[in-house]
Amino acid sequence: MAPKNGCILLLLGISISCFAAMAQEVPCRQMTMLVNMLEKYHYKPVELNQTTSAEIFDDFIERLDPYGNIFISGDIKALEPYKNNLFIMHSDEKACSFLKSITELYLRKLQKTDTLVSSILEHPFDFDVNDSIVFTGHSQANFAANDGELKKRWVRRLKYKALNILCTPAEEADPIALDNKQLLLKEAGARKKLMSQWRRFLQRMTEHPSGYEMFMAEQFFNTIANRYDPHTLYLSAAGKERFLLPISKEARAFGLSCTEGKNGEVEIGYLTPGGPAWKSNQLHRGDVLLQLKWPEGEALDLSYSSDSEVDEIINNSGYDKMWLTVKKANGMVSTVALVRETIDVEENIIAGYILKGEKRVGYISLPGFYTSRDDQVGLGCANDVAKEIFKLQKENIEGLILDLRYNGGGSLHEAIGLAGIFIDQGPLCMAKDRYQNVRLMKDLNRGTVFNGPLVVMVNGFSASASELVAAGLRDYNRALIVGSNTFGKAIAQVTFPLDSDLTSLHNLLNQKNRAFVNITVEQLYRVNGISHQKTGIAPDIELPELFTNLDDGETSEPYAILPDRVDKKVYYTPLPELPATLLAEKSRSRTEQHDVFTKIKQLSDSLRTARKQKEILVLKPAAFSTYVKKDRELKAFTARLMKAPAANYSVLATRFDEAVIKSNNFRKEMNAVLMKKLTDDIYIEEAYSILTDLIDTQKK
Amino acid sequence: MRHLKLSSAGVIFLLFVLTPSLVAQKSKALMYMEKINREMDAITADSWEYTSEVAHGKNARKVETKRRELVRTSKMAMEKVGRMDAFEGSTQFRDSMVSYLRIHYLVLNEDYEKILNMEEIAEQSYDRMEAYLLAKELADDKLDEAGERMQEQQKQFAAANNINLLTSTDKVTIKLEKAGEVMKHYNVVYLIFFKCFKQEAYLIDASNKKDINAMEQNKNALISASEEGLDKLKGVPAYKGDKSLVYACKSCLDFYHQEASVKMDGVIDFYLQDENFKKLKASFDLKPQKERTNADVSEYNDAVKELNRKLNAFNKQNDGMNKARTGALNDWDRTAKNFLDKHIPKYK
């Protein structure tokens, strides 16, 4: 252990000296360019005054140390003179020296914390001491008054983490079934694991591919960008690669790549449309990666790994199959099996199914609005959805369910194209720029592909382009929107090269190592002039959701752009109103009788109450086991709840697709999994009943 | 395809209906009115030359030359009338005439943005053609309004100065009126034809790009447009016993309807079959040769045969459609030309 520590400290030492030798010119120049770009292009530029300076200061410190584990209050005090003056007299000189100071300080503190963590983990934990931690939900970090208090925090934190490791099921035995003595036999192993987790966390910063000081600069730039709004981002050359990832044309891939989440966790940043991850229908952008397991060997813990590290592990392993454990945006944890596959660039990547029961209806799920591989206006998902509808119409469907749950958005052009499938012609939404110019966005084609009864499924994770589709179809009275309130992102971004004067974009884009900035440039409005920014789209028929309101989407973001409205006369011809109230009542009476929906509602209410209360967790194996057991039971219960086979329909593939599905074992396997998923989803089941009611009322 | 400026007929006849001839004492007022009228006569003469060239001429450049002459005359008329003095302190009659001539001039030049909110028009329209037609319609309305205002001022001026107004019945006026009726019939049928013609162009474009979404939407739009057009055609009466234009339009619309409602599904179906075949082929190719079973090979061979059969049928159908389309459009062109040639009087 000791030599290993020494080696790391030595590495840190080298980093410090390298850092000291490096000039701050590059980050400072980039910051000036960033601020200028934001000033020039942002939809609602922020005035960089004393107040915003203080906010950026606090946000940056929170970003670096969200739980108050690195800094003590004296450190923050020492930085205080910068707080209100980062951009004094329209100059970012102060901000630049602040970045330099905090970069030096943070590295020193990390080094100090490394010594602290190593010393704590050298000795066994004393679980006889009465220790506890309190969960209060998220609040701003308060910092330890001194090093002694900080040490106490770390002891508690590491104890908690060690207990977590001890109580996590290993392959051979369930820890809950073990007694204290047996559990404690594994204590040394847990400490070893914690040490390596901490080192990985440390290396992620100190040995960052762009260098430690650039890592810090990027964090700071993003703090500034986020002060404009949460979707305005600074993208380093490497970050941009991931953000604007072209669709992988690699031979065989799992079809996903990672990005770093707000709190440093590794998230799914991109799903290759049509790739195995996409087709699993169980993974979405923003899912946090927890664990990865290959067919052989132990599962890899992905917490504290860097996004690039995980990408490398996934892409360069020799295995063709993996099990990926992710935490969904709604807090649920699930494990998904993926098989490496050749991603066919020509392939139609959306599958339509027939739900056959009292009525014969079509079902299409669209997890994201992808566009063509070569350009922004070619044939993307709207065309693929149209193909599926063509096939489904050959099967004489009487209605259609379009599932946009968890669809985080994507190409606006495709969203317009998709809505156009269902409406004849006319405007679908409006966009307003910083100069108050309003432009209308219209259906691209006259005519429709599908005229029958339509239900669109949404939830709190349906954002941006999917919200526009739902809103457009609602405004034309074309579809019933079913599910829960959507995310509330009604703004559009454009990615600019950082030092762009926009005169030679092509050259700029082709230069390597260039940073980019993704800037919010427009706010989007419905045809009635109302913006659903922050508020989202309320469904016509609401279904009880387990985690409704636990995560509040755009409303939880303090710097989110505020909604307003545009006063513009828009010419469009809505269809006759749909019987939303009547069908909502029918749905409510069904869900109130439905055992699973009733339990979901009860559970959701109790979770909401629990969230507001403090939770004290005693850091002793017995108490912790009880806590884990309770938590596990809750998860098992909710997982069971969510999987209730639908009684009112069976799932069929279209005749068009049958031959293709049969042609390949992987397709057969994936298809079976997907079809099972469709029968096990109580929300689809209820959407089917609503659509059945809609078909009946429209027949009358 | 014959390209006819749709705006010409409406403008000409409105002008002419409004052009008065005066029988009254040679007073100052009469001379004032005659001076204005002379300008209108010049416009009428040029309008007639232009109309006749459109109907009987074969030379597009000559048609354009005549149009330019008409534009020039209108501009000069507007300027001349604009320079006239007030009559006994009043400029009302003169100004209403100038305002009318200005709108007339702008409409002739299709300079609609000076009289209409083109942005609003674009927003109300599906495409540029629809925006153009809507702008033309609204501009004609504006011209009508200006014409009415001018006519009212003319009447007031005449009444105040004891002048009797009589409608002109000279030869050119009669010919222009007649041509106006012909053009009115032509325009009604042409618009029905044109809507489907344009809609089919979108459909063909989508098909060339294999954009199934646009194909399906434009196919359904063409079905609606052709059905709506066929319905409208039933209500279009013969022009002096001549229904040739209506019949030619009907055969085009019948073709479009057949193409959209019957044939186009086959095209989309073929595209999707082709896509499926590519997937099957990819799966087949992935399997190493020694692992392929007899069933795999025979299934693949069957798929190849089936695709070839469909490809032949697809090509045959396309040839048939192309021939039918060319036939119907040639017939429409010929009929339209003959119709105008037959019914619009010759210039001299």
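Throughout, read-outs are computed from the coordinates displayed, never taken from laboratory work. Predicted, not measured: the structure shown is a model, and the values here were computed from it. No Cβ is skipped: glycine too gets one built from the backbone with ideal geometry, and neighbour counts run over all protein chains shown.
Rounded to the nearest 20 debye, what is the charge dipole size of the protein assembly as shown about its Cα centre when +1 sits on each Lys and Arg Cβ and -1 on each Asp and Glu Cβ?
With Lys and Arg at +1 and Asp and Glu at -1, about 1540 debye.
So, in nm, how far is label B:K62 from label A:L634 when the simple model puts each one 7 Å beyond its Cα toward the Cβ?
For B:K62 paired with A:L634, the spin-label model returns 9.1 nm.
Compute the acute angle (0 to 90°) between the alpha-carbon long axis of helix B:171-208 and the principal axis of greatest extent of the alpha-carbon atoms of chain B; round to the nearest 10°.
Approximately 20 degrees, to the nearest ten.
Could you check the spin-label model distance between B:E291 and A:K181? Points 7 Å from the Cα along Cα→Cβ, value in nm.
Simple spin-label model gives 5.3 nm for this pair.
Neighbouring Cβ atoms within 10 Å as the yardstick, rank A:D693, A:D128 fewest first.
Fewest-to-most ranking of A:D693, A:D128: A:D128, A:D693.
What FRET efficiency comes out for the pair B:A238/A:I313, r = Cβ-Cβ distance, R0 = 51 Å, nearest 0.05?
Approximately 0.05, to the nearest 0.05.
So which of A:K327/A:K629; A:K359/A:K662; B:K240/B:K323 end up more than 21 Å apart by C-alpha?
A:K359/A:K662; B:K240/B:K323
If you rank A:E633, B:E216 by fewest surrounding Cβ atoms within 10 Å, what's the result?
A:E633, B:E216
Which aspartates and glutamates have a Cα lying under 12 Å from the Cα of B:K287, excluding residues fewer than 8 positions away in the same chain?
B:D296
How large is ³J(HN,Hα) for each residue in the range A:567-572, as worked out from phi by the Karplus curve 6.51 cos²θ - 1.76 cosθ + 1.60 (θ = phi - 60°), to whole Hz, x for Gly and Pro?
Listing the rounded values in order: 9, 9, 6, 10, 9, 8 Hz.
Sorting A:W323, B:W48 on the 10 Å Cβ count, fewest up front, what's the list?
A:W323, B:W48
Please work out the C-alpha center-to-center distance from the range B:89-123 to the range A:651-700 and express it in whole Å.
One Cα centre to the other: 60 Å.
Averaged over its residues, how many other protein chain Cβ atoms are within 10 Å of peptide A:95-106's Cβ atoms?
0
If you count, for every residue in B:204-214, the Cβ atoms of partner chains within 10 Å of its Cβ, what is the mean?
5
Mind checking the mean number of beta-carbon atoms from other chains within 10 Å of the Cβ atoms in A:558-571?
Per residue, the number of nearby Cβ atoms from other chains is 1 on average.
Rounded to the nearest 0.05, what FRET efficiency is calculated for B:K114 and B:D141 with R0 set to 25 Å and r the Cβ-Cβ distance?
In this case the efficiency is close to 0.95.
Based on the inverse mean of 1/r over its pairs of different Cα atoms, what is the Kirkwood hydrodynamic radius of chain A, in Å?
Averaging 1/r across every pair of different Cα atoms and inverting gives 27.5 Å.
Hey, what angle do you get for helix B:128-160 against the long axis of chain B, alpha-carbon based, 0 to 90 degrees rounded to 10?
That works out to roughly 10 degrees.
Helix B:264-286 against the longest principal axis of chain B: what's the angle in degrees, Cα atoms only, rounded to the nearest 10?
40
Where does the charge balance sit around B:D85 when Lys and Arg score +1, Asp and Glu -1, over other residues with C-beta under 14 Å from its C-beta?
+3
Among the listed pairs B:K279/B:K310; A:K643/A:K676; B:K62/B:K114, give every one whose C-alpha distance is greater than 19 Å.
The answer is B:K62/B:K114.
I need the peptides A:576-583, A:189-196 ranked by packing, meaning the mean over residues of other C-beta atoms within 10 angstrom, with the highest value on top.
So the peptides A:576-583, A:189-196, ranked by packing, come out A:189-196, A:576-583.
With no solvent and one equal point scatterer per Cα, compute the Debye intensity ratio I(q)/I(0) for the range B:193-343 at 0.19 Å⁻¹ and report its log10, rounded to two decimals.
Treating every Cα as an identical point scatterer, log10 I(q)/I(0) equals -1.10.
Label point 7 Å out from A:S606 along Cα-to-Cβ: which residues of the range A:632-669 have amide N under 19 Å?
So the set is A:632-643.
When chain B is modelled as a GNM with alpha-carbon springs shorter than 10 Å, which of B:S226, B:S27, B:S261 fluctuates the most?
B:S27
Can you list the lysines whose alpha carbon sits under 19 Å from that of A:K44, skipping same-chain ones fewer than 8 residues off?
By straight Cα distance, A:K44 reaches A:K432, A:K489, A:K534.
Calculate the FRET efficiency for B:V262 and B:K337 from the Cβ-Cβ distance with a Förster distance of 45 Å, rounded to the nearest 0.05.
About 0.90, to the nearest 0.05.
Roughly what would the spin-label model give for A:I133 and B:A42, points 7 Å off Cα along C-beta, in nm?
Between A:I133 and B:A42, the label points sit 9.4 nm apart.
Could you identify which residue out of B:E275, B:E88, B:E113 has the top mean-square fluctuation in a GNM of chain B using Cα springs shorter than 10 Å?
B:E88
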